[in-house]
1. Cα-Cα over 23 Å: which of B:Lys42/B:Lys199; B:Lys12/B:Lys171; B:Lys199/B:Lys230; B:Lys42/B:Lys158; B:Lys158/B:Lys230; A:Lys24/B:Lys120?
2. If you take each beta carbon of peptide B:74-85 and count the beta carbons of other chains within 10 angstrom, what is the mean?
3. What number, in nm² with one decimal, is the all-direction average of the projected area of the convex hull of the alpha-carbon atoms of region B:92-165?
4. Roughly speaking, what is the centre-to-centre gap between region A:214-265 and region B:97-168 when only Cα atoms are used, to the nearest Å?
5. Enumerate by residue number the trypsin sites (Lys or Arg not before Pro) in region A:98-185 meeting two conditions: DSSP loop (anything except H, G, I, E, B), and at most 11 other Cβ atoms within 10 Å of the site's Cβ.
6. Test of understanding: express the Cα radius of gyration of chain A as a ratio to 2.2 N^0.38 Å, with N the residue count.
7. Using the basic label-point model (7 angstrom from Cα toward the beta carbon), what is the A:Ile139 to B:Gln108 distance in nanometres?
8. Per DSSP H run of at least 4 residues, take -39500 (n - 2.57); add these up for chain A, divide by its residues and hand me the 222 nm value, nearest 500 deg cm²/dmol.
Amino acid sequence: MRIHFKTSYNDDIRLFEDRFTALKYAVLLAFAIALPFLLGDFYLGEATNVLIWAIAGLGLMLLTGQTGQVSLGHAAFLALGAYSNLILLDKGVPFIISFPLAGIITGVVGTIIAIPALRLHGIYLAIATMTISILADDIIVLTEPWTGGVVGMFPPTIDIFGFEIERWSQPDRFYYLVLITTVICTLFYRNLLRAPLGRAFAAVRDSEVSAAAMGVHISRTKMTAFGISCAITGLAGALMGYFSGMVNNETFTVVISIQLLMMIVIGGLGTIHGAFFGAFVVAFLPQGLSIAKDWFGSSSVAIPGLETGVFGMILILFILFEPGGIYGRWVKTRIWLELFPFARKDMFKRQKSYLKTERLR
Amino acid sequence: MSLLEIKNATLKFGGVTAVDDLSFSVEEGEVYAIVGPNGAGKSTVFNLISRFYDPFAGSIHFDGHDLLKSPPERVADFGIARTFQNIELFDNASVLQNLLVGRHRHRQTNMLQEMLFTPKARREEIAHREAVEEVIDFLDLQPYRNKLIAGLPYGVRKVVELARALASGPKMLLLDEPASGLSVEETQDLRWWIDDIRKQMGITVLMVEHDMGLVSGVCDRVLALADGAKLAEGTPAEVQSNPAVIEAYLGVGAA
């Protein structure tokens, strides 16, 4: 156990709890920067995939984990991000502008979509947002002149002031682009958490009635959450477009939405770490399964639904045995190790919460 | 002019009249209590002031503002803070974070400044924390500062809710049954706190309370409600000896 002796308010506000924590993350970042020198092209591609999923996960985490608004529509926002980036590039806008603009466009559209969705809670909100995912497919086909419909669009080589990034021949450059985006998104997320807006998100999640009584504008806060969440997701979508090398109406299906939601639950709802842990599971599960199939000697036989089935089972196990997700398990393990051998069995049992004031609206 | 003025407020749920043509006013700097049997409409009056319900008729004015013209979020901006009968804290956040949400009405920064955590955001954040720390000091919450609400005992949660309301720096505090579920000592602490809130901080207190010991100890004036209508108003002693009040609590012939 490290004891923190706080002598100023800055001690409470700063990004990292103490120097040791800062050092840990510095080592992690150094490792991430050194990764292209350590891995081959294939595994570097996988690492890039993990980071892209993690960005998308951060986006949904902000909305679902932080603000408590479940969304199954985020595949549509991934698509919107990918397409707005590609269409802007098509019109001759340079990448350095089109990429952030894709995020902003997605954020604005997300905010607008949030207005009718504000009246819904829980499962109803999930169903309503799922329709956006399903509609996205048709909208992409219907707007064929811009989106290329079922033929799709092919991302051109990224060009930042003459510095070229070609996803296939220069995977290391593309990896760095994704890494920079990840770090910036994570930093923004972390900053929000230590500012009034982040606390307002948590307030809306835990009790709308008292949040309103404390002067938190409920609908505006939810719209902001949708906006920021969709903007981050849009950036991830643009990167995903490059990563897959081609986007059409079937790239971002409703299954992606469900995977995203499962990912943040498995990773650990409401935590930044959760988005990253979940991304590892989502990105490596298909590879892990095909390796496992090789072991069982059935590599040539395709088993339909195997991936979804295994994924669903993992999700159920997590909800039953570790609702805190991988990150929750990690925190418990860490505390157990820190206290060793004095950890007690029921240390993490929480008291059930008391009766809530009847819902007023 | 009174700080809070409610005139002829009426609210009906279906066929039930929860608040029936109720008028009363709270002066600046006083402690005012609303008492009455269960279902008399005490909490409903609070919810009217918080703008969770729209009255059918009547008017509510606070500090020169027409409350009925503003949405619930604006009520806090005018300087009204409240607690809830069944404790409405943010369970998955620490005590400190709960109190910081209380500071939300003083937020000066916008989304972008917070995302980039500009020096202004940092200055604001430190100012919020200073204000919250004073409240923590005042209510002796230091041992719980970084604890999650989900693990705290009932009595402490009650105090945290009071602290959150105080952290917003209100002109008027609405306390919905602050002493319910508290032990004798805790109630005694609460009594001193309410006294200090009024005398040191100059905050007007409007509370709903069943504990007549607490009410007669700290309150200047008491309003007795039954079936949503005013039964009696006056000093605690006057109201307690009022025949109509005794009848509402104990039935006819008891006095």
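None of the figures in this text is laboratory data; all of them are computed from the coordinates on show. Here the structure is a predicted model, which means the values were calculated and not measured. Here the Cβ is made from the backbone with ideal geometry for all residues, glycine too, and neighbour counts use every protein chain on show.
1. Flagged as over cut-off: B:Lys42/B:Lys199; B:Lys12/B:Lys171; B:Lys199/B:Lys230; B:Lys158/B:Lys230; A:Lys24/B:Lys120.
2. If you average over the peptide's residues, the count of other-chain Cβ atoms is 3.
3. 5.0 nm²
4. Region A:214-265 and region B:97-168 have Cα centres separated by 30 Å.
5. The qualifying sites are A:Arg119.
6. Chain A yields a ratio of 1.03.
7. 4.0 nm
8. Taken over chain A, the calculation gives -22500 deg cm²/dmol.
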